[in-house]
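Take a look at the structure below.
The values are calculated or read from the model by the stated rules, or taken from the named source; none is laboratory data. All values reported here derive from a predicted model rather than from experimental measurement. Using ideal geometry, Cβ is built from the backbone for each residue, glycine included, and neighbour counts are taken over all protein chains shown. The protein model used for the area step is the full one, side chains on, heavy atoms only, and it has no ligands, DNA or RNA in it. Shrake-Rupley method; radii C 1.70, N 1.55, O 1.52, S 1.80 Å.
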Amino acid sequence: MNTPICRCFLFFILLAFMLIRPAPCAAAGEERPSEKVWRLAYLEGGPFSDYQRIFQGLSMGLQNLGLIKNGRVPLPQNSEEAAGMWRWMADNAGGDRLIFLSDGFYSAGWDAGRRTQTTQDLLTRIKEKGDVDMILAFGTWAGQDLAAADLSIPVVISSVTNAVEAGIIPSAEDSGRDNLAAAIEPERFKRQVMLFHDIFAFKKLGIAYEDTPAGRGSIALGEIESAAQELHVELVRCTDTFDVENVALASERLLACHKKLAEADVDAVYLTYNVGMQPDTVAGVLRPLADAHIPTFSQLGVPEVEHGALLSIAQSSAAEEGRFSADLINGILQGALPRNLSQIFESPVSLALNLRMATLIGWNPPLEILAAVDEFYRNMK
């Protein structure tokens, strides 16, 4: 038995045994990743149209991945609320992998006083009832609060202007927490400014924002400044307190800023996220810029183009982020650690254009620009 031939014979017998033996069974009562039914909850700072469109893309992404049967959730009309969309998914998503908890929607309603309590209510539920297996967090408030929480269940964060600048994750490559994954498109808004410049070649770019850590982070100011520096563009700023519950007051302050920017002879204005830009206020606060024939580009996207902003990225961008978040969820369901999943995505470049605003400022879009436009709006709602 000590001959080389015998030793080789024994080796191959042992190898064959190792290859054909069954995989270890799960411990008693332990579910394999493919068998577990995941119960989902949702947290947001408050209603926001961007959350609606990303959530719609996420839902369709889950359907395309076979994780639910029906992800065709309709967008609400004349409302930024996502609560109804969540209830629709709880009733209609179907499938045997994901459950959208009917009472699992948490929103602070943009009330700073309710923010802490809303998050704490969800965390207490997780600790005491244990009936939530994953959280979908939308926006900066939700992302910051859950990144700071001591949680073991997965958290997937969507619709944050810049999760690194907001302090939610340390870098685009690393979420910093094993249970956390935050969808991030590095330099998204820098590319928007560069694209805006490609079209209008401005020398002076106006922006209005709240000059606080939260205000600067919410608009990814670092990306805007980086673009301006590379383009050798002068950044003309107007700052005020916009993060207030009184929308009329925020709109009044934003209107005053736009008047100042027009008087400063800016060549273009990059419209950053602002409480004063609501569906029923957009046309009014943009009037000084339209009268001065100043082109505008909305950081938010289609909702502001519908109501009067000249240009922005088309709705497909938000849907793409939603589908990416669905891929993150799928990776977690397959057993991946959220921290090990790639957080980086890049949305397609396609434009939305308001033809009425183009007429007001006297701009006739060239054919190469029209070819890049996927969504046209002929009026200012």
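Could you list, in sequence order, the residues of the stretch 257-298 that are under 18 Å from GLU210 (Cα atoms), surrounded by fewer than 22 Cβ atoms within 10 Å (Cβ to Cβ) and modelled with pLDDT of 95 or more? Listed by number, the residues that qualify are LYS259, LYS260. State whether one or more residues within the stretch 116-136 are open to solvent by less than 20 Å² (accessible area, probe 1.4 Å), within 14 Å of the chain's Cα centre (by Cα) and among the polar types (S, T, N, Q). Within the stretch 116-136 (the criterion being open to solvent by less than 20 Å² (accessible area, probe 1.4 Å), within 14 Å of the chain's Cα centre (by Cα) and among the polar types (S, T, N, Q)), the answer is no, since none of the residues qualifies. With respect to MET89, is the statement that it is within 18 Å of the chain's Cα centre (by Cα) and either more than 18 Å from TRP38 (Cα to Cα) or not in a loop (DSSP other than H, G, I, E, B) (or both) true? Against the criterion (within 18 Å of the chain's Cα centre (by Cα) and either more than 18 Å from TRP38 (Cα to Cα) or not in a loop (DSSP other than H, G, I, E, B) (or both)), MET89 does not qualify. Taking the stretch 137-170 on its own, how many of its residues are surrounded by 21 or more Cβ atoms within 10 Å (Cβ to Cβ), among the acidic types (Asp, Glu) and farther than 19 Å from THR118 by Cα? So the answer is 0. Selection of the stretch 197-226 for residues being of a type in the set (A, V, I, L, M) and surrounded by fewer than 19 Cβ atoms within 10 Å (Cβ to Cβ) yields ALA201, ALA214. Filtered by the rule that a residue be among the β-branched types (Val, Ile, Thr) and closer than 23 Å to GLU304 by Cβ, the stretch 68-120 gives a lone residue, VAL73.
Of the residues in the stretch 171-196, how many are in a helix (DSSP H, G or I) and surrounded by fewer than 21 Cβ atoms within 10 Å (Cβ to Cβ)?
The number of residues fulfilling the criteria is 5.
For LEU254, the conditions (1) more than 25 Å from ASP198 (Cα to Cα); (2) modelled with pLDDT of 95 or more; (3) part of a loop (DSSP other than H, G, I, E, B) all hold with the exception of (3). Note on the stretch 308-377: enclosed helices (runs of 4 or more DSSP H) holding 2 or more residues that are under 27 Å from ASP267 (Cβ atoms) and either open to solvent by 40 Å² or more (accessible area, probe 1.4 Å) or small (Gly, Ala, Ser) (or both) are 355-360, 367-370. LEU75 satisfies every condition listed in (1) out of contact with any Gly (no Cβ under 8 Å at 6 or more places or on another chain); (2) at pLDDT 95 or above; (3) open to solvent by 40 Å² or more (accessible area, probe 1.4 Å) except (2).
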